[in-house]
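Novice: Before we start, here is the structure in question, set down as structure tokens.
The values are calculated or read from the model by the stated rules, or taken from the named source; none is laboratory data. Everything quoted here is computed from the prediction, not taken from an experiment. Glycine gets a Cβ as well: all are built from the backbone with ideal geometry, and neighbour counts include every protein chain shown. Ligands, DNA and RNA are stripped out before the accessible areas are found, and what is left, the full protein with its side chains, is counted by its heavy atoms. Shrake-Rupley method; radii C 1.70, N 1.55, O 1.52, S 1.80 Å.
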Amino acid sequence: MSKKINWGIIGAGKIAGKFATDLATLPEANLYAIASRSESKATAFAQNYGFQKVFGSYESMLQDPDVQAVYIATPHVFHCQNTMMALDYKKAVICEKPFAMNTKEVQQMVAKAKAMDTFLMDALWTLCLPHILKAKAIVDSGQLGKIVSVKADFGFRAQFDPEGRLWDRDLGGGSLLDIGIYPLMLTLFFLGKPKKITAAARIGPTRVDEDCAVFFDYENGQTANLHSTILARTPTEAFIYCEKGFIHIPPRFHAPISNIKILEYEGLKETTVPFDYQVIGYQYEAAEMMRCLQQGKKESDLVPHQFSMDLMELLEEIRGQIGLVYPRHD
Ligand SMILES: NC(=O)c1ccc[n+]([C@@H]2O[C@H](COP(=O)([O-])OP(=O)(O)OC[C@H]3O[C@@H](n4cnc5c(N)ncnc54)[C@H](OP(=O)(O)O)[C@@H]3O)[C@@H](O)[C@H]2O)c1
């Protein structure tokens with residue numbers, strides 16, 4: 001593998017543009033190719049973000065032997081299909097969240113990556129961000145004692161559009177898969193899988209969840225209280241409450257922020273840990289992937305395959321409880 005890694009992106013949508021902007025900040029990344037269902041759209045994207053090659057279909061880009069790393073940025077329902085095709089061409093893949101629509105698809109994707117001896121990673125960018133890793137290191141140090149509970153939310157008010165990705169059931173719409181996944185991911189990262197899940201949701205006219213509340217119970221009494229909504233703007237912050245103090249990850253906890261705060265109960269001592277992020281934040285996951293590729297790894301230690309599977313199991317259980325059905329995938 002050459003020193004610079006040739007990147008190809010599948011799907012020239014909104015997140016692809018943000019990812020490309022951050023990718024351009026990494027000297028080891030070469031913005032090589034963009035694939036869209038529309039060649040003119042791909043051409044415009046290439047001009048905007050500085051890609052060398054343009055493809056009017058996803059498969060034609062995968063046929064290019066010089067594409068090494070592929071970022072999949074299509075709607076949820078295509079993640080498995082697009083990933084499987086990229087793996088068939090033996091490309092290293094990072095695929096947007098949610099990684100797939102169900103556990104069966106995740107199993108297929110991981111099995112294919114293993115069979116092809118190829119790298120595969122869930123694009124859980126939050127797990128690669130320094131402030132989240134710092135919060136985990138503080139908890140792991142024992143400084144604040146054991147975790148008592150986790151509280152996190154993610155909400156924004158979206159314009160109702162029955163054909164848009166957020167509302168259309170055929171495109172995997174709803175709050176849970178789009179943003180509810182972040183509070184879940186954070187909790188899974190800090191506490192692991194719960195013993196019991198209790199979920200409730202408001203299912204809207206397009207039959208997707210517009211608002212979803214989830215409660216986790218753990219064997220040892222730990223709890224988590226999580227919420228997502230596309231009907232209201234909520235703080236989008238997280239708290240890790242521990243025995244001797246708590247960590248506050250301020251809005252928007254899942255993305256780069258300027259600081260995290262620690263409050264120790266004794267003396268109500270508050271400490272601020274500053275962060276100096278210069279970019280949107282997607283370069284950390286891309287850098288993690290390229291580190292893995294340079295080291296010959298097939299999966300990331302920050303976002304291992306088992307984490308993707310565990311997260312999908314949580315999503316599946318919650319979907320079952322709230323009656324969130326995706327007819328083409330269930
Ligand atoms: N990590 C994050 O922070 C983050 C943020 C936003 C979204 N996401 C994830 O990224 C994925 C894409 O989200 P987005 O907001 O970028 O969506 P978007 O703007 O709608 O872009 C998705 C792209 O997928 C392609 N596509 C293929 N088949 C499609 C179809 N039938 N309908 C619509 N688009 C289709 C299109 O690209 P072409 O027309 O070029 O083929 C489209 O531009 C979602 O799974 C979402 O969860 C992640």
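Novice: On the phi < 0 side of the Ramachandran plot, near the ligand (Cβ under 7 Å from one of its atoms) and open to solvent by 10 Å² or more (accessible area, probe 1.4 Å) - does that describe any residue in region 3-12?
Specialist: Checked region 3-12: at least one residue is on the phi < 0 side of the Ramachandran plot, near the ligand (Cβ under 7 Å from one of its atoms) and open to solvent by 10 Å² or more (accessible area, probe 1.4 Å).
Novice: Given region 16-79, what strands (runs of 3 or more DSSP E) lie entirely inside it while holding 3 or more residues that are more than 14 Å from the ligand (Cβ to nearest atom)?
Specialist: In region 16-79, the matching strands (runs of 3 or more DSSP E) lie at 29-35.
Novice: Shifting gears a bit: For the condition in contact with a Leu (Cβ under 6 Å, 6 or more places away or on another chain) and open to solvent by 30 Å² or more (accessible area, probe 1.4 Å), what is the one hit in GLU264, GLU270, GLU237, GLU288?
Specialist: GLU270
Novice: Do any residues in region 274-288 that are within 11 Å of the ligand (Cβ to nearest atom) have Cβ atoms under 7 Å from those of residues that are open to solvent by 40 Å² or more (accessible area, probe 1.4 Å), where the two are at least six apart or on different chains, and which pairs are they?
Specialist: ILE280/LYS18; ILE280/THR21; TYR282/LYS18
Novice: Please name all residue pairs, on different chains or six or more residues apart, with Cβ atoms under 9 Å, provided the first residue is in region 1-25 and is of a type in the set (Val, Ile, Thr) and the second residue is at pLDDT below 95 and more than 7 Å from the ligand (Cβ to nearest atom).
Specialist: THR21/VAL279; THR21/ILE280; THR25/GLN278; THR25/VAL279
Novice: When you go through (1) touching a residue at least 24 places away in the same chain (Cβ under 8 Å); (2) open to solvent by 50 Å² or more (accessible area, probe 1.4 Å) one by one for LYS196, which number turns out not to apply?
Specialist: Every condition holds for LYS196 apart from (1).
Novice: A follow-up question, please. Please state which of the following conditions GLN159 fails to meet, knowing it meets all the rest: (1) open to solvent by less than 10 Å² (accessible area, probe 1.4 Å); (2) free of Cβ contacts under 8 Å to residues at least 60 places away in the same chain.
Specialist: Answer for GLN159: the failing condition is (1).
Novice: Looking at this structure, is ALA287 of a type in the set (A, V, I, L, M) and part of a loop (DSSP other than H, G, I, E, B)?
Specialist: So ALA287 fails the test.
Novice: Quick check: is even one residue across region 170-178 of a type outside the set (Phe, Trp, Tyr), more than 13 Å from the ligand (Cβ to nearest atom) and either assigned by TED's automatic domain parsing to the domain that holds PHE275 or assigned to a helix (DSSP H, G or I) (or both)?
Specialist: No, the conditions are met nowhere in region 170-178.
Novice: Shifting gears a bit: Report, ordered by the first and then the second residue, all pairs with beta carbons closer than 8 Å, sequence separation of six or more or different chains, a first member in region 107-133 that is open to solvent by 10 Å² or more (accessible area, probe 1.4 Å), and a second member that is among the polar types (S, T, N, Q) and in a helix (DSSP H, G or I).
Specialist: Qualifying pairs under 8 Å: VAL110/SER308; LYS112/THR83.
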